[in-house]
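Participant: Quick one: this structure, given as structure tokens, is what I'll be asking you about.
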Amino acid sequence: MKWMTKSLIPAAVLLMLGSLAARAEQLTVQLRGPALAESAGFLIAKARGYYAEEGLAVRLRPADPAAPPFEALARGEADLAVEWMPTALVARENGLPVVNIAQIFARPALRLTCRREAGMAGAADLRGKTVGSWFGGTEYPLLAWLNRLGLVADDSLSGVALPAQWPGTEMLRQKQAACISTLSYDPAPDEGLVELDPQDQGAAVLEDGLYVLAGTLAAPEAEERLAGFLRASMRGWREAVAQPEDSARLILGPDPDPGALQRQAGMLRRIGGLLAADGALDEAGYRRTVETLRTGGPRSVLRREPRGAFTHAISDRATLPEDAAATATADPTTTGPDVAPLR
């Protein structure tokens, strides 16, 4: 489970990398996910000028399949990164001091889509099956789910085989896997298929959140800039899910392919049910995520209880009335009274 972080810069070096203070009002944000709809709120906030209204010059870096979002954060190429919480907690445990400052999706989207003809009717049928995974960090919630079920990803008849997933649903069509990883907002065609939800086994984890390096939060002016980014981003996300077709047309550009337009708009409609109200992290959801990732004894995804992994300071400031936000002050040495000291 450590392979994802092997190429990351050591934590001692990361703390010396350029922070927001060196970038004035500019923010560079590393996005994740190949589909435009997965980043629609950010794209719309930029296109509509919502970031500019907050006094921010925001650069959005497209997702790079060859480099996880935290690579850009670690190398000082981005100020913020969008990433799933399990990936963040594993990276943090392995020395990268990332801190969750906001949660974009309050509910998880990860699912397994399986072939009925392979004997799949429910999660209890996964034993001895082949399950496709995208890896790149998305295997962590899947491994935690298997731990809940008492299954080991060891390619045995009593466990599960976990190969790298092919694009689309080819592994199902070619009968190379009993199940593949999917997302609730981008489901596979349902003919002859069954969808499994980790929530049914209490294995759901939080996904898309906003992360910065811990050192970033020490910059005196960082808090308001990050709060402004969160306000504008959630404004963009609310527009994206309220007006899915118009939003899909905006992010796809002029004369979009009708099929692509329909797919992106459909994804945005379904994302509406996952979206957090104001970007604040729900601590109950955080605790459930940690508990799930620590399930499995020696096979658990997380070995230790995280400390200092999130702060409410940014989301609290983002939702303050404008006059209160203008006069609010913060101690730059802390990440909020409800967060343990960073380690």
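The values are calculated or read from the model by the stated rules, or taken from the named source; none is laboratory data. These numbers were taken from a predicted model, which means no experiment stands behind them. Counting neighbours? That spans all protein chains shown, and the Cβs are built from the backbone with ideal geometry, glycine included.
Participant: Restricting attention to the stretch 139-198, which residues are in contact with a helix residue (DSSP H, G or I) (Cβ under 8 Å, 6 or more places away or on another chain) and aromatic (F, W, Y)?
Facilitator: Those that are in contact with a helix residue (DSSP H, G or I) (Cβ under 8 Å, 6 or more places away or on another chain) and aromatic (F, W, Y): Y140, W145, Y185.
Participant: Which residue out of A325, A313 is at pLDDT below 95 and either surrounded by 15 or more Cβ atoms within 10 Å (Cβ to Cβ) or not assigned by TED's automatic domain parsing to the domain that holds L80 (or both)?
Facilitator: A325
Participant: Just the residues that are hydrophobic (A, V, I, L, M, F, W, C), surrounded by fewer than 14 Cβ atoms within 10 Å (Cβ to Cβ) and not in a loop (DSSP other than H, G, I, E, B), please, taken from the stretch 243-279.
Facilitator: A260, the sole residue that qualifies.
Participant: Next question, about the same structure. Identify the residue in the stretch 43-61 that is touching a residue at least 40 places away in the same chain (Cβ under 8 Å) and small (G, A, S) and, among all such residues, is surrounded by the most Cβ atoms within 10 Å (Cβ to Cβ).
Facilitator: A45
Participant: Another question, if that's okay. Of all the helices (runs of 4 or more DSSP H) wholly in the stretch 28-99, which have at least 1 residues that are among the hydrophobic types (A, V, I, L, M, F, W, C) and closer than 24 Å to R269 by Cα?
Facilitator: Where helices (runs of 4 or more DSSP H) fall fully within the stretch 28-99 and carry at least 1 residues being among the hydrophobic types (A, V, I, L, M, F, W, C) and closer than 24 Å to R269 by Cα, they are 40-47, 85-93.
Participant: Against the conditions (1) assigned to a helix (DSSP H, G or I); (2) farther than 22 Å from I314 by Cα; (3) of a type in the set (F, W, Y), where does W166 fall short? Just the number, please.
Facilitator: Failed condition: (1).
Participant: Among (1) over 30 Å from R148 (Cα atoms); (2) exposed (fewer than 13 other Cβ atoms within 10 Å of the Cβ); (3) at pLDDT 95 or above, where does R304 come up short?
Facilitator: The failed condition is (1).
Participant: Given the criterion out of contact with any Lys or Arg (no Cβ under 8 Å at 6 or more places or on another chain), among the charged types (D, E, K, R) and modelled with pLDDT of 95 or more, identify the matching residue among R116, R23.
Facilitator: When all the criteria are applied, what remains is R116.
Participant: Restricting attention to the stretch 62-97, and to residues there that are of a type in the set (D, E, K, R) and more than 15 Å from the chain's Cα centre (by Cα), which single residue is surrounded by the most Cβ atoms within 10 Å (Cβ to Cβ)?
Facilitator: Within the stretch 62-97, the match that is surrounded by the most Cβ atoms within 10 Å (Cβ to Cβ) is D79.
Participant: Next question. Out of all the residues in the stretch 100-121, which are β-branched (V, I, T) and assigned to a strand (DSSP E or B)?
Facilitator: Correct list: I101, T113.
Participant: Here is a check on your reading of the model: is A240 modelled with pLDDT of 95 or more and either of a type outside the set (A, V, I, L, M, F, W, C) or surrounded by 20 or more Cβ atoms within 10 Å (Cβ to Cβ) (or both)?
Facilitator: Considered against the rule, which asks whether it is modelled with pLDDT of 95 or more and either of a type outside the set (A, V, I, L, M, F, W, C) or surrounded by 20 or more Cβ atoms within 10 Å (Cβ to Cβ) (or both), A240 comes out as yes.
Participant: Turning to a different aspect of this structure: For the stretch 199-209, indicate whether the set of residues that are part of a helix (DSSP H, G or I), under 26 Å from T311 (Cβ atoms), of a type outside the set (G, A, S) and in contact with a helix residue (DSSP H, G or I) (Cβ under 8 Å, 6 or more places away or on another chain) is non-empty.
Facilitator: Checking the stretch 199-209: not a single residue is part of a helix (DSSP H, G or I), under 26 Å from T311 (Cβ atoms), of a type outside the set (G, A, S) and in contact with a helix residue (DSSP H, G or I) (Cβ under 8 Å, 6 or more places away or on another chain).
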